[in-house]
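K.L.:
Here's a structure for you.
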Amino acid sequence: MMNKQSTKSKSAPQATATVTGSWILKNKTKISFYITFLAVVAILSPFLHIFYLLNDNEGIFGFAYMSSFMYTLALPLMAISSGLLLKFVSSKIFEFKSLFNFIGNSFLFVGIFFMIYTFMPMSDFSKEVYFGSLLVLSFIITFIFHYAQKAVLRTEQRLKNIISKLFDFIILETPRKHVAEEKQIDYVISYEKIINDISEE
């Protein structure tokens, strides 16, 4: 009887810690790395040119200096990232869905327009052909970004679901169905440290 009580008293804290670790991991799967990446780009892009101010290098794409190139690139990057973020927000709300989607597409279009403007020199074309090409290409690439973002978010969600199911299998099913009763505590201890390490990252 004493051995059984001792075993029960040891297993309870381990189970509690494991459930806590599992809960933290599942909450982490709600974080979108894609959305986080867009936010980082939108926030940091206006500061990229600062790295070239002290020791400036020769520019590219017709720019005399890299600092001026990075400064010009900041607006399109920020606009594209902000547009994609707004489109993501529009998919999560109901009342202002169309409005946010329109604003997101507008930001996206403006960002793409000036991105092409930055990389494609005007000297090779007449003004009419140049700006007409910019408008057409901006519309086309805006649609491409629209569907590409949907594909990325779908893929990310599928990966999260796979990871969540794998952890459910490792944490909940494996100890009950595939590990002998006398080895269950050792099994829990063996993966508990890994789960806690992951949840602390």
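The values are calculated or read from the model by the stated rules, or taken from the named source; none is laboratory data. Just so you know, these numbers come straight off a predicted model, no measurement behind them. No Cβ is skipped: glycine too gets one built from the backbone with ideal geometry, and neighbour counts run over all protein chains shown. Ligands, DNA and RNA are excluded from the accessible area calculation, which covers all protein heavy atoms including side chains. Shrake-Rupley method; radii C 1.70, N 1.55, O 1.52, S 1.80 Å.
K.L.:
Any idea what the relative contact order of the range 68-142 is, in percent, if you count C-alpha pairs under 8 Å spaced at least 6 apart? Don't skip to the answer; put the middle values down first.
P.N.:
Working: 73 pairs, mean separation 24.7, N = 75.
This gives 33 percent for the range 68-142.
K.L.:
If you keep only loop residues by DSSP, which trypsin sites (Lys or Arg not before Pro) in the range 84-116 have at most 14 other Cβ atoms within 10 Å of their Cβ?
P.N.:
Lys92
K.L.:
When the accessible area of the range 73-142 is split by element with a 1.4 Å probe, what percent falls to carbon and sulfur?
P.N.:
76
K.L.:
Around Tyr65, which amide H atoms from residues at least 5 apart in sequence, or from another chain, sit under 5 Å from its own amide H, with H modelled in the peptide plane?
P.N.:
Those lying under 5 Å, H to H, from Tyr65 are Gly59.
K.L.:
Have a look at the range 50-97 and give its Rg and Dmax from the Cα atoms, expressed in angstrom.
P.N.:
Expressed in Å, the Cα Rg and Dmax of the range 50-97 come to 16.6, 50.
K.L.:
I need the GluC sites (Glu not before Pro) found in the range 25-129, filtered to DSSP loop residues with at most 12 other beta carbons within 10 Å of theirs.
P.N.:
Within the range 25-129, the qualifying GluC sites (Glu not before Pro) (loop, at most 12 other Cβ atoms within 10 Å) are Glu95.
K.L.:
Follow-up question, since we're still on this one. With N set to the residue count of the range 104-161, report its C-alpha Rg divided by 2.2 N^0.38 Å to two decimal places.
P.N.:
Taking N as the residue count of the range 104-161, the ratio is 1.46.
K.L.:
With θ set to phi - 60° and the Karplus curve 6.51 cos²θ - 1.76 cosθ + 1.60, what are the ³J(HN,Hα) couplings of the range 96-107 in order, to the nearest whole Hz, using x for Gly and Pro?
P.N.:
10, 4, 5, 5, 5, 5, 5, 5, x, 5, 5, 4
K.L.:
Taking every Cα atom in the range 71-133, find the radius of gyration and the maximum pairwise distance Dmax, and write them in Å.
P.N.:
14.4, 46
K.L.:
Filter the chymotrypsin sites (Phe, Trp or Tyr not before Pro) in the range 38-97 down to the DSSP loop ones having no more than 14 other Cβ atoms within 10 Å, then list what survives.
P.N.:
Phe61, Phe94, Phe96
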